[in-house]
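I have placed the structure first, in the form of structure tokens, so that the comments after it can refer back to it.
The values are calculated or read from the model by the stated rules, or taken from the named source; none is laboratory data. Quick caveat: nothing in here was measured; it's all calculated off a predicted structure. When we count neighbours, we look across all protein chains shown, and the Cβ atoms used for this are built from the backbone with ideal geometry, even at glycine. For accessibility, only protein heavy atoms count, side chains too; no ligands or nucleic acids. Shrake-Rupley method; radii C 1.70, N 1.55, O 1.52, S 1.80 Å.
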Amino acid sequence: MGKLALTSLAVAVLVLTGCSQKSPEVDMTKGTGDTKGASNDGMSALQKLIASLEANSKTIYFDFDKYNVKKDQQPNIDANAALFNSAEAKSFSIKVEGNCDEFGTDEYNYALGLKRAKSVKDGLVAKGMVADRITVVSYGESNPASTEHNKEAWAKNRRAEFKVLP
């Protein structure tokens, strides 16, 4: 039994040390030549489209300690549903990020942020978006839009924002 363990250990050491000296082969010719940078332009165009969709999306704001979409925010839900259902955005997934102000415990704020994100998702689905395209996440109070400590800053932090995912 001792010889088997010693032999196994020796083989393992040889394999591990032998692999650590190998350098990976990298093909540096990919993306050059006849393509004339097409792959780089394609990525750039995709990134520009994603950035444009995110910039045109409307942030949804909430009242203190609430997660229901207010009536004055409904036009933003409508605009976002139209944007994300457009032909250029149909192939993307959307992440709804729920956020909170600094009041409440971490656990409470993460739960409230998730409820806000789900409420926005429900509003988008009611306007015709496919639910499978939408994911929700909560950042609680950990992703503030403003770090000031006043009513205006806290109101900015009670929100749902959107990320476009390829």
| remark: Computed over region 114-166, protein heavy atoms only, probe 1.4 angstrom, the accessible area per residue in square angstrom equals 54
| Long-range HN-HN contacts of Thr135 with modeled amide H, under 5 Å | Ile94, Lys95, Val96
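Which net charge results for the neighbourhood of Phe84, defined as the other residues with beta-carbon distances under 12 angstrom from its beta-carbon, given Lys and Arg at +1 and Asp and Glu at -1? Mind dumping the intermediate values first?
Details: positive: Lys58, Lys90, Lys95, Lys121, Lys127, Arg133, Lys163; negative: Glu54, Asp78, Glu88.
The answer is +4.
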| said: Net charge around Asp72, counting only other residues with Cβ within less than 14 Å of its Cβ (Lys, Arg = +1; Asp, Glu = -1)? | reply: +4
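Go through region 77-166 and name the chymotrypsin sites (Phe, Trp or Tyr not before Pro) that are in a DSSP coil and have 15 or fewer other Cβ atoms within 10 Å of their Cβ.
Numbers: sites: Phe84, Phe92, Phe103, Tyr108, Tyr110, Tyr139, Trp154, Phe162; in loops: Phe92, Phe103.
Passing both the DSSP loop test and the Cβ count: Phe103.
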